[in-house]
Amino acid sequence: MALESLRELLVLELQDINGAEALVLKALPNMAKAASAPALKQAFEKHLVETEAQIVRLEQCFAALGLPVRQRPCKGMEGLIAEATDMMDQEGPDPVVDAGLIGAAQRVEHYEIAAYRSALAFAELLGETPVATLLRQSRDEEAAADRTLTGLAIKEVNDTALAAGTRVSES
């Protein structure tokens, strides 16, 4: 497929993001189940609700552009979800696995932030203000989720993981 215009690229990006969010929507309940720290479980559950809203916003973007809602397979997110699944399957002290889950989730968040930023830039250049507004809201939620994960890592999980790993290695 040849891309003939920035508008076509925006649509392609929206389809890719829609595919990515569908994958995240399936993964988050499993990540919440795999997490042992209550605050981490809660963060994943909260982001699940946000992801549902982001999918609705993407549908609104397509409608604003006068297009049917479509998904494109998102190979990048497929890889990131595969890595997160690998982390969920790891055995070890719960805090260490939680720290790994945070890392995997942050890679997902960073990918989503980058995708939303790109699509937002295109929408703004094209003067698609309603689309830009919707994309900005989702980008901001992704950035907030990333900050939440960083806070959990710094304030709770990483120190606990360090202590748990030290106890294991001393045994």
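Just a few scattered comments:
- The residue of region 129-141 that is surrounded by the most Cβ atoms within 10 Å (Cβ to Cβ), among those that are of a type in the set (S, T, N, Q) and without any contact (Cβ under 8 Å) to a residue 60 or more places away in the chain, is THR133.
- Checking LEU58, LEU67, LEU9 one by one, the residue that is of a type in the set (A, V, I, L, M, F, W, C), surrounded by fewer than 16 Cβ atoms within 10 Å (Cβ to Cβ), in contact (Cβ under 8 Å) with a residue 12 or more places away in the chain and not in a loop (DSSP other than H, G, I, E, B) is LEU9 and no other.
- Residue within region 84-103 that is out of contact with any Lys or Arg (no Cβ under 8 Å at 6 or more places or on another chain), among the hydroxyl-bearing types (Ser, Thr, Tyr) and under 17 Å from ASN30 (Cβ atoms) present: yes
- Exactly one residue out of ALA22, ALA39 is under 29 Å from THR160 (Cα atoms), in a helix (DSSP H, G or I) and not aromatic (Phe, Trp, Tyr), and it is ALA39.
- When the criteria are applied in full, LEU14 meets the requirement of being touching a Cys at 6+ places or on another chain (Cβ under 8 Å), within 17 Å of ARG136 (Cα to Cα) and at pLDDT 95 or above.
- Tabulated pairs, region 112-128, first in a loop (DSSP other than H, G, I, E, B), second loosely packed, with under 15 Cβ neighbours inside 10 Å, C-beta under 8 angstrom, 6+ apart or interchain: LEU126/LEU6
- Within region 15-53, if we keep just the residues that are within 18 Å of LEU152 (Cα to Cα) and among the small types (Gly, Ala, Ser), the residue that is surrounded by the most Cβ atoms within 10 Å (Cβ to Cβ) turns out to be ALA35.
- When region 70-79 is filtered for residues that are out of contact with any Gly (no Cβ under 6 Å at 6 or more places or on another chain) and surrounded by fewer than 19 Cβ atoms within 10 Å (Cβ to Cβ), the ones remaining, listed by number, are ARG70, LYS75, GLY76, GLU78, GLY79.
- Just one residue in the set VAL108, VAL96 is farther than 17 Å from GLY19 by Cα and in a helix (DSSP H, G or I); that residue is VAL96.
- Which numbered condition LEU101 fails, given (1) part of a loop (DSSP other than H, G, I, E, B); (2) under 22 Å from ALA143 (Cβ atoms); (3) not hydroxyl-bearing (Ser, Thr, Tyr): (1)
The values are calculated or read from the model by the stated rules, or taken from the named source; none is laboratory data. None of these values were measured; they are calculated from a predicted model. We place every Cβ from the backbone using ideal geometry, glycine too, and count neighbours over all the protein chains shown.
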